[in-house]
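Written out below as structure tokens is the structure these notes cover.
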Amino acid sequence: MNDNRMSDNKMSGNNSNPLVGILTNDLKIDLQARILVTVPEIVLKFYENGRGDEFEVVVVDEIHLIQDEERGIVWEKMILMIPSGVLFVGLSATLGTSEELFFGWLKSIFEMKNDVIDFIKTDKRVIPLNFYSYCGGLIKMEKVESGDGVFEKVFRGEVSLIEIESDVENKDECDGNVK
């Protein structure tokens, strides 16, 4: 997301006072911007170094990465260090069945700070989720439609791609597994 954001930043039209900057371990661009796109590790460093008061809003994408074995602790520390009064927005398209448990945990943290937190859920996808299969030595990728649950059936092994995709060339080269 950070890299994509920089091309969008050019639309601000004011290079002397840019609206959006980026700060990661690899990139440092327009750090004086009003909006700083960064990663949880950088936000945590700001808080640990006593510079957290520079944030009015913290928006994190892929908040489900708090479950990541290596980076999860950074996400957790960052969330715990966000002071009362700072607007926090966490985004994820893949929380799944743990969403209520996760929201309960977040709610308890923000209630300790006397802050309010809301959980907003939507099943609408702005960008369609598509899955593709690669079968054996075939050159082309085959799209697997997900709207009718076909991908899920293939993923669970209930049905093979060979049974689904009648137009796949050289079927005997494809073992029917999603790769």
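Please treat every number below as a calculation from the coordinates, not as lab data. Keep in mind that what you see is a predicted model, and the values were worked out from it rather than measured. Because the Cβ atoms are built from the backbone with ideal geometry, glycine has one as well, and the counts that use them run over all protein chains shown.
Quick rundown of the values:
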item: Only Lys, Arg (+1) and Asp, Glu (-1) charged, at Cβ; the range 2-112 dipole about Cα centre in debye; result: 400 debye
item: Fewest-first ranking of Ser92, Ser98, using other Cβ atoms within 10 Å as the exposure measure; result: Ser98, Ser92
item: The range 17-99: relative contact order in percent, alpha carbon pairs under 8 Å with at least 6 residues between; result: 25 percent
item: Computed E for Lys107/Asn25 - FRET, C-beta separation, R0 25 angstrom, nearest 0.05; result: 0.20
item: Karplus 3J(HN,Hα) series, Hz, for the range 83-100 with 6.51 cos²θ - 1.76 cosθ + 1.60 (x for Gly, Pro); result: x, 4, x, 8, 6, 10, 10, x, 10, 6, 9, 9, 5, x, 6, 8, 4, 5
item: Placed amide H near Leu36: partners under 5 Å, 5+ positions off or other chain; result: Gly21
item: Proxy reagent accessibility, fewest Cβ within 10 Å first, across Trp105, Trp75; result: Trp105, Trp75
item: The range 14-79: trypsin sites (Lys or Arg not before Pro) in DSSP coil with no more than 15 other Cβ atoms inside 10 Å; result: Arg34, Arg51, Arg71
item: Phi-based couplings in Hz for the range 30-44 (Karplus 6.51, -1.76, 1.60; Gly and Pro marked x); result: 6, 5, 8, 5, 5, 10, 10, 8, 8, 10, x, 4, 6, 4, 4
item: Ascending count of other beta-carbon atoms within 10 Å, so fewest first, for Phe103, Phe119, Phe46; result: Phe119, Phe103, Phe46
